[in-house]
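> Got a structure here, written out as structure tokens. Questions coming.
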Amino acid sequence: MGRIYIYGNEQSNIWCSSLELEWHLVPIPTLTINDFSAIHDFTVNNVALMESNDRIIIDLDSTNPALALMIAMHIRMSRSYLNDKALLPILLVSTLPIVTFLSLGECSQFFLAQKGYAFCTPDEAKSAINEVSELTVDSYKTYFLNRITIRPDDTTGRHSLANQWGADVLARVAGINYEPSEKIIKARKSLYFKYIMSNTSPLVSLSTASQNVVQKVKNCDGKKILFIDDEADKGWEDCLRTIFADCNEDGFDVVSTMIAEYKDLPANVREKIKMSYYDLYIIDLRLLGDEEEGTTITEQFSGFKLLEQIKKENRGNQVIFLTASNKAWNLKNLLENGANGYYIKESPELMLPIEFSEGNYVSFKNDIENAFNNKFKRELYQKIDFLQKQIKKSKNFREKGISEELIEKLWKAFMPYMIKIQSKNDCASSYLILYGVLEFLKNVYQQDIDNKGNPSITHVINEIYKQLGNGVDLWQEIEIVVTERNDYIHPKLKY
């Protein structure tokens with residue numbers, strides 16, 4: 001046996017001297033039961049100095065017994081900070097019967113443990129300290145953790161809680177050089193967060209970065225990103241700025257206020273969206289915090305309303321969602337309405353294993369890299385929008401009463417393929433699906449320049465084809481593009 005550390009006060013010296021063992025007094029300071037951050041610091045700082053064969057005695061009569069039991073709980077719940085030292089044997093000592101301490105709230109759950117502690121009077125301490133049953137790594141969950149339940153602080157909303165926890169998880173699994181905010185540091189010290197951390201498999205140490213470091217997002221150079229999250233200060237902004245470290249600081253804009261709908265965005269941000277300034281939008285699904293807690297219809301979420309307008313400005317805009325919702329219908333509806341990916345903000349209530357967290361980030365990283373690769377879609381949609389406007393302007397089409405019909409056919413043929421294509425090479429072939437509609441436009445409206453000096457619709461169509469077909473002039477080299485189309489739609493089997 002190593003040394004004995006007695007948590008108490010000067011009065012504890014009276015009976016401690018009879019132990020006839022080497023012991024050291026750790027004075028318990030005056031702390032309030034709700035100051036979990038101060039209790040954590042006191043506990044971890046002292047236990048960290050102990051050896052693996054030391055033992056702990058807590059004098060329940062030396063201070064507020066609820067505080068003394070809370071210290072015991074923090075020792076047991078701090079495996080992410082103390083590793084196996086959190087399992088040191090603990091002897092609780094009091095002149096009062098054990099029933100006195102069973103109704104002191106959450107901290108009373110310490111008595112539910114089946115191993116690792118004992119309770120006795122001061123007179124019995126000498127023999128009892130040698131008989132405290134050992135608590136091992138293997139028995140920790142069975143004989144302690146699975147027998148207690150720690151609830152989140154009532155003053156912290158679920159939305160805010162998920163944000164604090166989720167940002168912390170992202171930082172760890174991404175392996176980034178992350179400086180957590182004061183709010184995150186404080187949250188980590190609560191019994192609830194430590195309870196969840198202890199239930200995480202495998203146990204994550206907060207003193208080191210993730211051992212399974214995932215590479216940062218590639219090709220961020222020169223990219224412009226808009227991040228919209230009402231609780232960006234919960235650690236998300238710090239994490240994302242680090243993940244996008246290669247992105248110019250001027251190219252990373254953040255809106256961190258509550259946003260009910262698109263018009264609530266700052267005017268300068270809306271102007272940039274209109275100009276197709278951003279390469280990527282990262283948006284939280286719920287931008288009104290706990291006000292949207294009861295919302296079940298995807299279309300009613302504030303983030304969804306932003307998606308609609310951002311895609312309306314340019315269907316090629318790349319939007320990835322951050323969401324604490326793991327409801328399948330929400331994720332499905334987002335993707336069906338143009339979202340280009342999502343990252344699930346992990347809630348502590350889910351107690352997800354670290355393997356899920358790492359896969360969640362890998363998927364997020366891939367979505368981001370795909371979004372950067374799809375920059376060409378913004379330019380393409382701009383051209384198609386221009387073509388649509390030209391059709392509306394055409395006196396020829398209006399007189400024939402076919403403007404709206406042509407536009408409808410254009411988008412009906414165009415949209416399914418634009419969703420699927422991932423590169424310009426795919427685009428050239430998918431455009432042939434539009435051939436019937438566009439050929440009709442060409443035949444109806446032949447002139448090269450209209451009366452106001454604008455390019456003709458035929459000219460615009462041809463320029464789009466040339467861009468996507470690696471310079472091929474559709475009207476002169478139609479056979480080449482048709483072959484590309486056929487090879488794409490009906491790929492030849494390779495043996």
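> Which residues, taken from segment 243-271, are at pLDDT below 90 and open to solvent by 30 Å² or more (accessible area, probe 1.4 Å)?
ALA245, ASP246, ASN248, GLU249, ASP250
> What do you reckon, is THR156 in a loop (DSSP other than H, G, I, E, B) and at pLDDT below 85?
Criteria met by THR156.
> ARG315 - would you say it is charged (D, E, K, R) and open to solvent by less than 80 Å² (accessible area, probe 1.4 Å)?
no
> Here is a follow-up. Go through segment 128-141 residue by residue and tally those that are in a helix (DSSP H, G or I) and farther than 17 Å from ASP59 by Cβ.
Summing the residues that are in a helix (DSSP H, G or I) and farther than 17 Å from ASP59 by Cβ in segment 128-141 gives 5.
> Now for a separate question. If you scan segment 41-55, which residues turn out to be modelled with pLDDT of 95 or more and either basic (Lys, Arg) or under 21 Å from GLN11 (Cα atoms) (or both)?
Hits for segment 41-55 are PHE42, THR43, ASN46.
> Go over the candidates SER78, SER52 one by one and state the one that is within 19 Å of TYR117 (Cβ to Cβ), in contact (Cβ under 8 Å) with a residue 60 or more places away in the chain and out of contact with any Phe, Trp or Tyr (no Cβ under 6 Å at 6 or more places or on another chain).
Checking each option against the conditions leaves just SER78.
> Please work out which residue is surrounded by the fewest Cβ atoms within 10 Å (Cβ to Cβ), limiting yourself to segment 99-156 and to residues that are within 30 Å of LYS183 (Cα to Cα) and of a type in the set (S, T, N, Q).
THR155
> Further question on the same structure: Spot the failing condition for ILE354; the list is (1) touching a strand residue (DSSP E or B) at 6+ places or on another chain (Cβ under 7 Å); (2) closer than 30 Å to ASN199 by Cβ, and only one is missed.
Checking ILE354 against (1) touching a strand residue (DSSP E or B) at 6+ places or on another chain (Cβ under 7 Å); (2) closer than 30 Å to ASN199 by Cβ, the one that fails is (1).
> On the given criteria, is TYR281 among the aromatic types (Phe, Trp, Tyr) and crowded, with 22+ Cβ neighbours inside 10 Å?
Yes.
> Could you tell me how many of the residues in segment 81-117 are of a type in the set (A, V, I, L, M), without any contact (Cβ under 8 Å) to a residue 40 or more places away in the chain and under 15 Å from TYR143 (Cα atoms)?
Looking only at that region, the number is 3.
> A further question on this structure: Take the conditions of a type outside the set (D, E, K, R) and either open to solvent by 10 Å² or more (accessible area, probe 1.4 Å) or at pLDDT below 95 (or both) and apply them to ALA38. Does it pass? Full working, then the answer.
On the way: of a type outside the set (D, E, K, R): yes; either open to solvent by 10 Å² or more (accessible area, probe 1.4 Å) or at pLDDT below 95 (or both): yes.
Spelling it out, ALA38 is indeed of a type outside the set (D, E, K, R) and either open to solvent by 10 Å² or more (accessible area, probe 1.4 Å) or at pLDDT below 95 (or both).
> If you don't mind, there's one more thing I want to ask. Would you mind stating whether SER302 is surrounded by 20 or more Cβ atoms within 10 Å (Cβ to Cβ) and at pLDDT below 90?
Working: surrounded by 20 or more Cβ atoms within 10 Å (Cβ to Cβ): yes; at pLDDT below 90: no.
No, not satisfied.
> Name the residues in segment 9-35 that are over 16 Å from HIS74 (Cα atoms) and surrounded by 12 or more Cβ atoms within 10 Å (Cβ to Cβ), would you?
ASN9, SER12, ASN13, TRP15, CYS16, LEU19, LEU21, TRP23, HIS24, LEU25, PRO27
> Give me the pairs, please: first residue somewhere in segment 331-347 and over 18 Å from PHE227 (Cβ atoms), second residue anywhere and open to solvent by 20 Å² or more (accessible area, probe 1.4 Å) and among the aromatic types (Phe, Trp, Tyr), beta-carbon distance under 7 Å, and either six or more positions apart or on two chains.
LEU331/TYR342
> Considering each of GLU313, GLU293, GLU271, GLU308 in turn, give the residue that is acidic (Asp, Glu) and more than 28 Å from GLN382 (Cα to Cα).
GLU293
> Here's something else I'd like to know. Could you run through segment 241-269 and say how many residues are part of a helix (DSSP H, G or I) and of a type outside the set (Ser, Thr, Tyr)?
Number of matching residues: 10.
> Another question about this same structure. Pick out the one residue from THR296, THR323 that is hydroxyl-bearing (Ser, Thr, Tyr), surrounded by 13 or more Cβ atoms within 10 Å (Cβ to Cβ) and either modelled with pLDDT under 95 or closer than 24 Å to SER357 by Cβ (or both).
Residue meeting the stated conditions: THR323.
> Exactly one of these conditions fails for ILE310: (1) in contact (Cβ under 8 Å) with a residue 12 or more places away in the chain; (2) out of contact with any strand residue (DSSP E or B) (no Cβ under 8 Å at 6 or more places or on another chain); (3) over 21 Å from TRP236 (Cα atoms). Give me its number.
Condition (2) is where ILE310 drops out.
> Within 22 Å of SER198 (Cβ to Cβ) and open to solvent by less than 10 Å² (accessible area, probe 1.4 Å), is that true of ILE58?
Details: within 22 Å of SER198 (Cβ to Cβ): yes; open to solvent by less than 10 Å² (accessible area, probe 1.4 Å): yes.
Answer is yes for this residue.
> Could you please give the count of residues in segment 327-373 that are open to solvent by 60 Å² or more (accessible area, probe 1.4 Å) and outside any helix (DSSP H, G or I)?
Of the residues in that region, 4 qualify.
> I'd like to check which helices (runs of 4 or more DSSP H) are fully inside segment 1-117 and have at least 3 residues that are over 25 Å from SER190 (Cβ atoms).
12-16
The values are calculated or read from the model by the stated rules, or taken from the named source; none is laboratory data. Just so it is clear, the model here is predicted, and its values are computed rather than measured. Positions of Cβ are generated from backbone atoms using ideal geometry, with glycine treated the same way; all protein chains shown enter the neighbour counts. Heads up: the accessible areas ignore ligands, DNA and RNA and are worked out on the full protein's heavy atoms, side chains in. Shrake-Rupley method; radii C 1.70, N 1.55, O 1.52, S 1.80 Å.
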